[in-house]
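No lab work stands behind these numbers, since they all come straight from the coordinates. Everything numeric here is computed off the predicted structure, so don't read it as measured data. As a convention, Cβ positions derive from the backbone with ideal geometry for all residues, glycine included, and neighbour counts pool all protein chains shown.
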Amino acid sequence: MLYTIGQIAKKFRLSRTTLLYYDSIGLLKNSERTSSGYRLYSESDCQLLERICSYRETGMPLKSIKELLSGSQSTIVSLLERRIYDLNKSIETLREQQKGIVRLLLDFHVRERKTLVGNDAWDGIFSAAGFSLYDQWQWHREFEMMSPEQHQLFLQSAGVSPEEIDKIKVWAQNDFEIVNNFSWGRSKNNHMLIMTLSLLLLLRDCSTNVLMESAPKQVTEVADMFGFSVKLSSKISRIADGWAAHQDIVCLLGGGDKIVATTMAITQKPWLQKINPDINEAAIVFGSANSHANTNVEELIKCKPDVVFVSNSNKDVDIIRQANIPVVQLSVTDFNSLKNCVRITATVLGGAALEQAEKYIRYLDEKQTKITNITAQIQLQQKPRVLHIAGLNPLLIDGADTIIDDWINIAGGVNVATVSGNLQAVTREQVIHWNPDVIVIAEEASDRQIIKELEQDEVWRQIAAVKNKRVYVNPKGVFSWDRYGAEEALQIQWAAKVFQPDYFKDDLGPEVKWFFKEFYHYELADHEVIQILGDEAI
């Protein structure tokens with residue numbers, strides 16, 4: 001069925017001018033024209049316009065929508081993540097403006113003793129401005145804990161009756177969950193809101209010796225992987241993890257249910273959500289590795305983490321530390337640093353995590369030793385020349401001095417890439433020149449259909465790995481097996497079977513099942529093993 005411009009405008013409640021503008025910028029072109037030259041739109045045009053309208057409802061600019069419509073999956077995810085970040089920043093700005101207006105109202109209300117707003121209206125105003133009952137309790141609790149005498153004097157100077165002062169002090173001295181159920185709780189809301197913001201004004205405008213922010217009692221000290229000494233509280237019960245790969249390790253050590261803040265990348269990690277459903281309740285405050293979004297520090301503070309884990313690439317470490325939140329910075333570049341990362345994380349978590357860490361490291365060492373004992377005896381000319389592709393558009397590969405290089409060598413291959421570092425951009429001509437015997441493509445780079453596409457491509461068919469059907473998509477479980485995560489212990493076993501099938505013939509499926517049950521406490525079904533390993537299920 002074909003639609004005229006008037007019909008499609010009515011169908012989507014858009015003006016004719018809007019549709020003509022979409023045409024002029026190349027966003028939506030009509031498929032056909034009548035003999036008289038009038039535009040006609042097909043069902044596929046309607047579907048495209050529906051997508052455009054959906055993106056417009058999110059506030060996306062037309063330039064970004066054009067990129068979304070023609071971009072790859074990674075481009076779409078990156079643009080949507082950026083939009084989330086921009087919206088969060090806008091919300092933060094509006095909240096601050098609301099609070100500023102409320103403070104101005106209260107300043108006049110308190111100092112001039114003028115009732116510009118009735119008490120019945122204050123509740124709605126404060127709620128709209130983001131001041132929750134919990135926020136009020138927290139301020140009064142800190143004031144009471146730091147200096148109960150000055151808290152008492154302040155309340156008296158504000159004209160609060162002795163009876164109300166007693167109630168407020170009891171409220172501040174107890175747990176929020178308990179006092180919030182007091183029979184007088186609801187009646188105090190408006191009065192307490194005014195008292196809380198009056199306190200904020202007093203602290204802003206007047207010097208005081210009362211310290212309003214107290215650090216938790218420091219009882220232990222841990223050195224992160226860059227030698228920075230981090231002081232931590234005795235019990236870690238709330239974790240913010242800004243490194244997607246590391247959340248795999250936290251779950252392996254039994255701390256997955258403690259993660260209260262996570263990254264945008266969580267939306268792309270279905271197996272992490274399976275083994276740790278609690279992660280779905282965590283706030284998304286960190287941008288993913290491939291997005292431009294930074295850490296939302298304000299939201300991070302609201303999560304009240306006992307510790308923040310980040311990778312060495314996180315650029316907000318100093319800002320987070322300035323918020324008096326302990327930060328443990330980590331890095332994984334080879335198997336030794338992976339083990340170090342696991343041990344440091346276990347030290348932070350404490351308790352049973354320490355034993356679990358050593359159990360995992362023993363398992364990793366055993367598998368690494370077993371494989372190396374075999375591959376070390378294989379002659380160099382019998383080892384395939386391997387290329388690991390991290391992305392196809394643009395073409396990115398992993399070279400020397402990486403954990404990818406480490407597992408290629410352990411598993412009996414030779415890294416053909418003559419560059420150093422992760423995610424290095426190269427040309428197809430360079431890959432043809434290297435002519436690898438085996439190509440391993442990161443699962444994030446594409447789905448398994450890509451192997452057939454490469455086999456049909458005239459350029460890629462020149463490469464030995466493609467000609468000989470030795471192109472593989474790397475497995476991906478809780479995290480990508482090929483980089484950084486705890487499943488590197490499975491990666492070396494998978495790679496050994498790929499590179500040296502004559503020496504490694506055991507079915508990997510039972511090993512994957514055992515690993516998930518032993519370390520993640522999750523029992524995989526047979527079809528789930530195939531989902532992880534792929535249809536070839538090596």
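With the contact rule set at Cα under 8 Å and sequence spacing of 6 or more, what percent relative contact order holds for region 413-538? Provide the component values of the computation, followed by the final result.
On the way: 118 pairs, mean separation 24.1, N = 126.
Computed over region 413-538, the figure is 19 percent.
What is the calculated FRET efficiency for residue 16 to residue 525, with r their C-beta to C-beta distance and R₀ = 45 Å, to the nearest 0.05?
Efficiency at R0 = 45 Å is approximately 0.25.
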### Message
Using only the Cα atoms of region 401-538, what semi-axes does the equivalent ellipsoid have when each is the square root of 5 times a gyration tensor eigenvalue? Give whole Å, largest first.
### Response
26, 17, 14
### Task
Stick to the Cα atoms of region 220-353, pair each with every other, and give me the Kirkwood hydrodynamic radius in Å at one decimal.
14.6
### Query
Given a Förster radius of 22 Å and the C-beta distance between residue 502 and residue 467 as r, what FRET efficiency does 1/(1 + (r/R0)^6) yield to the nearest 0.05?
0.60
### Summary
Diffing region 308-314: the Karplus 3J(HN,Hα) column from phi (6.51, -1.76, 1.60, θ = phi - 60°), in whole Hz with x for Gly and Pro, holds 10, 9, 9, 8, 5, 8, 5
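For a footprinting-style exposure proxy, rank 301, 532 by other Cβ within 10 Å, fewest first.
Lowest to highest Cβ neighbour count: 301, 532.
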#### Entry: Built amide H within the under 5 Å cut-off of residue 395, gap 5+
426
### Under-5 Å amide H pairs with residue 239, H placed in peptide plane, nonlocal only
259, 260, 261, 306
### Message
Suppose the chain between residue 238 and residue 47 were pulled fully straight at 0.36 nm per residue; how much longer would it get relative to their current alpha carbon spacing?
### Response
64.3 nm
### Summary
Length gained, residue 267-residue 223, 0.36 nm per residue minus C-alpha separation, equals 12.7 nm
### Message
Give me the one-decimal nm value for the distance between modelled label points at residue 400 and residue 432, 7 Å along each residue's Cα-to-Cβ direction.
### Response
2.6
### Per-residue Cβ neighbour rank within 10 angstrom, fewest leading, 341, 303
303, 341
### Two-site FRET efficiency, residue 24 against residue 419, from Cβ-Cβ distance with R₀ of 30 Å, rounded to 0.05
0.10
### Query
Rounded to the nearest 20 Debye, what is the dipole magnitude of region 3-70 about its Cα centre when Lys and Arg each give +1 and Asp and Glu each give -1 at the C-beta?
200
### Message
Give me the dipole magnitude in Debye, nearest 20, for region 424-538 about the Cα centre, with unit charges on the beta carbon: positive for Lys and Arg, negative for Asp and Glu.
### Response
300
### Query
Listed here are the pairs 66/274; 235/304; 359/476; 367/517; 383/505; which of them are more than 25 Å apart at the Cα?
66/274
### Query
Could you give me the ³J(HN,Hα) list for region 4-12, computed from phi with Karplus coefficients 6.51, -1.76, 1.60 and θ = phi - 60°, whole Hz, x at Gly and Pro?
6, 5, x, 5, 6, 5, 5, 4, 10
### Task
State to the nearest 20 debye the size of the charge dipole of region 229-357 about its Cα centre, where the only charges are +1 on K and R beta carbons and -1 on D and E beta carbons.
180
### Gained length - residue 257 relative to residue 359, 0.36 nm times residue gap less alpha-carbon distance
34.7 nm
### Query
Between residue 170 and residue 331, what is the label-to-label distance in nm when each label sits 7 Å out along the Cα-to-Cβ direction?
5.6
### Message
Which one, 450, 516, 397, is farthest towards the positive end of the dipole of region 373-516 when Lys and Arg carry +1 and Asp and Glu -1 on their Cβ?
### Response
450
#### Entry: Projected label distance in nm at residue 379 and residue 449, using a 7 Å step from Cα toward the beta-carbon
4.4
### Summary
A correct Karplus calculation of ³J(HN,Hα) over region 387-399, with 6.51 cos²θ - 1.76 cosθ + 1.60, θ = phi - 60°, whole Hz and x for Gly and Pro, returns 10, 9, 9, 8, x, 9, 9, x, 7, 10, 10, 10, x
### Summary
Checking region 427-525 for GluC sites (Glu not before Pro) in a loop per DSSP with at most 14 other beta-carbon atoms within 10 Å yields 458, 523
## Note on the structure
Residues whose modelled amide H sits under 5 Å from the amide H of residue 230, counting only those 5 or more places away in sequence or on another chain, are 222, 223, 224
